[in-house]
1. If you average the sequence gap of Cα pairs under 8 Å that are 6 or more apart and divide by the length of the chain, what percent do you get for the contact order?
2. Using a 10 Å cut-off on Cβ atoms, rank the peptides 24-33, 217-226, 145-154 from the highest mean neighbour count down.
3. Using the basic label-point model (7 angstrom from Cα toward the beta carbon), what is the Ala41 to Leu255 distance in nanometres?
4. Cα convex hull of the chain: mean projected area in nm², to one decimal?
5. Which of His100, His127 comes first, and how do the rest follow, when ranked by fewest Cβ neighbours within 10 Å?
6. Taking the Cα centre of the chain as the origin and placing charges on Cβ (Lys, Arg +1; Asp, Glu -1), which of Asn175, Ala116, Ile131 is farthest toward the positive end of the dipole?
7. Under a Cβ-only charge scheme (Lys and Arg +1, Asp and Glu -1), can you give me the dipole magnitude of the stretch 193-241 about the Cα centre, in debye to the nearest 20?
8. About the Cα centre of the chain, what is the dipole size in debye to 20, counting +1 per Lys and Arg Cβ and -1 per Asp and Glu Cβ, all else neutral?
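What follows is calculated from the coordinates using simple rules that are stated; it is not laboratory data. The model shown is predicted, which means the values in this text are computed figures rather than measured ones. Virtual Cβ from ideal backbone geometry, glycine too; neighbours counted across all protein chains shown.
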Amino acid sequence: MAQKVWFMTGIARGLGHALAKAVLARGDLVIGTTRHGEQPAGLAADNLTILPLEMTDRKQIVCTAAAAFARHGRLDVIVNNAGYGLLGSIEASTLDEADHVFAVNFFGPLALIRAALPRLREQQCGHIVNISSIAGIAPTPGAGLYAATKSALDGMSYSLAQEVAPFGIWVTVVNPGSFRTEFLSTRSVLRTSRSIDDYAVTSGRAVDGLLTRDGQQLGDPDRGATAIMEAVESDEPPLNLLLGSDALDRARGRLDRFEEDLTRWERLTLSTDFTA
């Protein structure tokens, strides 16, 4: 199997760390980013290069992408993994909080993709893997803004896949369920700066329930990393890759509700066309 060059953001912990570890163990080359260029624990390897990257710094994103391509002369796989969660009701959140979570979770990956595309088109090959969330498909109360960033990432990826297919570039959106990582720790998830008592039974209850499951999540990050690698190595990689039984259940539930609305309101939907 030919050695690949992977560029991954956010490998300090979580699924990104597990993926970097698995790719390194296979002997591929990894260029990984952490916020301050710190060496992630347990990832020391000759085939690993660490670069600093703050996902809100657009100029640094462009420079880091250029440095990544220059390191080995090409990039085969780009993994947009860096991001964080924001929990709380939509009304309780501030616009500054919304701006920041979109800057990191959506506009950062978008900037990196735009910086990489000219070289990928020149290569006539490559694979962009965007780590989203099941929240982007089936949101729950208390995670509306986080879900919005992931829905935006999903939608952009679907259009991008169609635009770049003629250049031999693949795009895969990964929608994980709950994985037993540090994602629910204060280093990876924030709560809105205020709360509103009226939402205690909806967003409040959902957030509290989510946080109490920390350490009991169904997803194994090492198995998740293996699944991503298998998808990347396939002859026809998927556009959508869900990870975890909980992700599959939530996606199917969302599809069922969507189908119910399509059927129930079909008459009204069709009533808006011009008559012949």
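1. Here the relative contact order equals 20 percent.
2. 145-154, 24-33, 217-226
3. A separation of 3.9 nm, rounded to one decimal place.
4. The directionally averaged projection comes out at 17.4 nm².
5. In order of increasing Cβ crowding within 10 Å: His100, His127.
6. It is Ala116, whose Cα lies furthest towards the positive end.
7. 360 debye
8. It works out to roughly 560 debye.
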